[in-house]
Each structure stands twice: as structure tokens, then as C-alpha cells.
1. Can you name the residue in the range 369-398 that is of a type in the set (Gly, Ala, Ser) and modelled with pLDDT under 95 and, of all such residues, is farthest from Gln448 (Cα to Cα)?
2. In the set Phe93, Phe61, which member is in a helix (DSSP H, G or I) and aromatic (Phe, Trp, Tyr)?
3. Starting from the range 83-95, take each residue that is of a type in the set (Ser, Thr, Tyr) and list its partners that are surrounded by 16 or more Cβ atoms within 10 Å (Cβ to Cβ) and not in a helix (DSSP H, G or I), counting only C-beta distances under 8 angstrom and pairs at least six apart or across chains.
4. Does any residue of the range 197-220 turn out to be modelled with pLDDT of 95 or more, touching a Ser or Thr at 6+ places or on another chain (Cβ under 7 Å), more than 13 Å from Leu307 (Cα to Cα) and not in a loop (DSSP other than H, G, I, E, B)?
5. Given the condition loosely packed, with under 13 Cβ neighbours inside 10 Å and among the acidic types (Asp, Glu), answer yes or no: does some residue in the range 192-208 qualify?
6. When Glu346 is evaluated against the numbered criteria (1) in contact with a Lys or Arg (Cβ under 9 Å, 6 or more places away or on another chain); (2) at pLDDT below 95, which criterion, by number, is the only one it fails?
7. Regarding Ile333, is this residue surrounded by 15 or more Cβ atoms within 10 Å (Cβ to Cβ), closer than 30 Å to Lys174 by Cβ and out of contact with any Cys (no Cβ under 6 Å at 6 or more places or on another chain)?
8. Going through the range 323-374 one residue at a time, which ones are among the polar types (S, T, N, Q), farther than 16 Å from Phe445 by Cα and touching a Leu at 6+ places or on another chain (Cβ under 8 Å)?
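The values are calculated or read from the model by the stated rules, or taken from the named source; none is laboratory data. All of these numbers come straight from a predicted model, not from anything done at the bench. Virtual Cβ from ideal backbone geometry, glycine too; neighbours counted across all protein chains shown.
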Amino acid sequence: MKFRTTFILLGILVILLSSVILLEHRSTRVQEKKEQSEKLTDFKASDIEKISLRVDNQTSFTLSKDEKGSWQIIEPIEAEADDYEAKSLVENFASLRMEKVVEKQPADLTAYEIPKKEVLLWIKDMSQPVVIQVGMENPIDNTLYARRTDRPELVLIPGYLRYSLDKKLFDLRKKDILKFATDQVEEIELKSSEVNWKIKRQKDSWYLVQPVAALASKYQVDNLLDNLSRLRAREFLAEEKTPENLKQFGLDRPEFTINLSLRESQQLSFFINRQDSKVIATNSLSRKIIEVESQIINDLTRKVSDLREKKVAQFNSWEVVAVSLKKKDQPEILAQKELVKEKKQETEKWFLLSGGAKEPADESKIESLLRKLEYLEAQDFIDHPESLSSFGLDHPRLVITIKHKPVDKEEQIIELLVGSEDQKQLQVVIKNRDFDYLFRVDSAFLQQLPEKAEDWKQVENKNQI
């Protein structure tokens, strides 16, 4: 009896579920049918192969997809299209919602200024384009009067489409035509009437090799490459780099020439010139001459000293595993970071090592000094010093050794020799053993140096309960 009741109830449940699913399916189909009836176009954007805009019966532009699926301008000129702008334009007209049907059989389209503009869509597997004619703006809600030429009704379409319909040829052109892969650059050379330099990449760093051998600022060099790669056309001045056009815009003898050596022995050169209030540019791979933003001039006119790395030592204070200070005729002060277990968790702690003994260190004092050294910058450079003795570096007052372990790299050691202090200028000269030149820095950091190892010992809090 119980089995029979269960079976009947199960059957009722199946019937109810089937009814719900059927109703939902029908509701979905009704909704889809309603949505389709409210659309002037309902195509997949990927199926549109060509789009054209006509204004007053004259073609403003035509875009077409090439074999790779990239959009190209084919009328009134041949040029690469801005991919974002082209796709946005196509998507706007591929699936176009109607706001309202105004007239099912309009008698006079000219009363609505149709056809003021026309959008032609060439759809895959369709022999003729779909033509959308657009007229005046509806003053009540800023919608636009429109119709499809293969349908009789006059409708209103969203007002935001006017931005697409007002697009100019320049808006649709690819503007970053000078773009290149900055991570492929191995060498940069700048030639100009006032500034000339050459910089080479060495692993993760940049080094000046002309006019002086020195570590370059990675930030400044990477920023220059990024800005050069991101140059965008404000205006297209010439479609072809003919000798006449190069001379007209002063690019036959440009103010700035930037030569880039890329991997696999590739070469790329930029030519930039200032003319009146415009900054004009092209490169060796482009046929175009364009006007670009003037900001790039600030990068190209920087002094060589501005491109140099001013930090005395390159390290992150949190990656330091040991630091030692050796003053003249005094015992070495050595601190080392170690992993210790506290409350079943591993944590890093600083310890002082002296005479075979190990004592807890005052972490705040050590890390404060390391941060000071991390951001210690040159106020001036001394290139090709004749002798170290002139700066008290033949017998330095202090040698600072920093051992650090960058992520995913081998342990590295930095050794800094600190010379005598200039009491009047409040400066001290430092030599980083990795470089041939010297750094002249503010001597204020000397005040944070410990006089003896005891100064770095951890002080127990007597009031601690």
C-alpha cells in the first residue's frame, strides 16, 4: 500500500515538474519572440564582414575584415582601423533595438529627413547589404528616426547611436601605428643636437655606455620606452614617406633620432621633429608621418644625469638576510636574520653574532638603517676618480656589507665603502664596489649607525608582566 502511494505521488511530481518546464520553455520562447520583434537588426557581430557609412548619399568610410579577422579601412583610403572603434561600431548596428514603431506605412520619409545617413551592413552568406537609413532627431526624447530599406515601417532607434553615426575617418583609424614590444629592446641610442647617449640592457638592468659608463635608472628607461611605444597620432600628416614629405616636415634632418636594437638583430629607428607647435614623428617600419603628443619631448631632452640611477645600492630592505658594519680599529658589528618558531609558527628574527655568541637584536633599529640605505641617493656623482685617498676611501671610516636574497634569485652581496665626512657640506662620499664611480650623499644617515654592538641589542622591557 505504501509503495503504491509513493509511486502515485512520484508520478504527480513528475507531471508537475514537466508542466513547470513546459511553461518556462513557452515563456522563454514568447520572450525571445517579443525581443526579436523589437529589433531592427538581429545579427551576430562576427557575421558582419563589411560596414559602410554614407552621409547625404556620399560614402564617408567603409570598413572591411581581412583574412585574419582584423578590420581595415578600404574607403576613402586604405589604412588599419582601430580595432576597438571598429568592433564597437559593428556591434551597435548588428543588434539594433527599436524604441518605437512610428508608422507602419510612412507616406513621406523626407518629412523625417530620411535618408540623412545610411549604414550598410554586408552579412556573411547574404548577397545584398542590409541598409539602415537614419533621419532627424526626435526632439521629445532625442531618439532617431530610422528604417530598414527591406521593411516598410518607420521606427525610432536609441539616441546614443548618433555618436557612431558622427564618427569621422580619423576616429576609426588605428592611431598607435608606431607601437613596438618594449621587452624586446636590448639597446637604445639617442642622437640630437644637445643630448647624445647609449644605453644597453644587461639582464634585468639598464646601463649607460655613452657618454659615461654607469647604472641607468630602470624606471626612467622603461618609462621612455613605454612612452615611445604608446605614441598615438593626433593627426595623420602624410600617408607616404616620400622625400618631399620628409623634407616638408623636417624629418630628412630630424631633431631627434632614436635607434633601438631588438632581439634577433632587428633594428627600429624613430625620427622626431618639432615644427611650429607640432611634434612630428615616424619610424623606420611605418609609411606614415603623424603628429604626436608633445610629452615625448620631455623624455628626449632629459640630461644624462637624469637617466642615471641615483640609489647607492639596489636592494629591498625586506630581502636582507645579514648586515655588517666594520669601523676602523673596532670589532665588526654583525646581524643576521633567522627563522625561529614561536607559538608553533615560523617567523623571521634578527640576531647579533659576536664572539661565537648569538643574542636577540633590536629589529626596529636594524630595519630602520636598512630602509635608510635602501633609499639613499646620490646628490652628485664623481666619475673617473683619480684616487680613492682624496675622499678617504683608501682606508674607509666604515665598510657596510649587505647580504640579500631576492625572490627566485641567488644570494647577493653589496659592499659600501664610506669615506670621510665633509662637515661644511654635510656630505659623505660612498663607493659601491660594483661600480667605478663614486656617490656623494647626504651624511645624515651616519647618525643612525651604532657605535658598538650593544647599541643593536634587544632591550628587555622590565615592566613586561
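1. For the range 369-398, the residue satisfying everything is Ser387.
2. Phe93
3. Within 8 Å, the pairs are Ser95/Thr41; Ser95/Phe43.
4. Scanning the range 197-220 turns up no residue that is modelled with pLDDT of 95 or more, touching a Ser or Thr at 6+ places or on another chain (Cβ under 7 Å), more than 13 Å from Leu307 (Cα to Cα) and not in a loop (DSSP other than H, G, I, E, B).
5. yes
6. (1)
7. It is false that Ile333 is surrounded by 15 or more Cβ atoms within 10 Å (Cβ to Cβ), closer than 30 Å to Lys174 by Cβ and out of contact with any Cys (no Cβ under 6 Å at 6 or more places or on another chain).
8. Passing the criteria: Gln336, Thr347, Ser354.
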